[in-house]
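Shown next, in structure tokens, is the structure this report addresses.
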Amino acid sequence: MIDPAAPSRGDTPWIGDDPRFALLRARYRRFVLPVTAAFLLWFLAYVLCSAYARGFMAAEVVGNINVALVFGLLQFASTFGIALAYGRFAARRLDPLAEELRRTAAARAGDEHESTGSLA
């Protein structure tokens, strides 16, 4: 839990001092960084093949559909796939923890308002 005596933000403890916040950020990074790196490598491969492997990209797969078109469409498919995967990951692993932290922060803010007599 948050140490009420934490000096990080004056008299008020900061949510970033909560170990659950560090866990939330770590979970986020463990998903986002590898997926971003993989997608950027995939996109770079597409661009480099388009620029330097024109013969390969021009090879017909079926009828008038060539490798370049298939790769281009797979870029869209992978983008939507990543978005769906992130949505599911966030709903399972990030959102419950974020909601817990939100409730903690709201409760702390309510306690502060009651103790200072503030109406806001």
Report the extension gain between Ala45 and Ile82 in nm, rounded to one decimal, defined as 0.36 nm multiplied by the number of residues separating them, less their alpha carbon distance.
11.6 nm
Using a 7 Å offset from the Cα along the Cα-to-Cβ direction at both Gln75 and Ala38, what is the distance between the two label points in nm, to one decimal?
2.0 nm
For Asn66, residues with placed amide H under 5 Å, excluding near neighbours:
Val61
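Every number here is computed from the coordinates shown, using simple stated rules; none is lab data. Everything numeric here is computed off the predicted structure, so don't read it as measured data. Note that each Cβ is placed from the backbone with ideal geometry, even for glycine, and that neighbours are counted across all protein chains shown.
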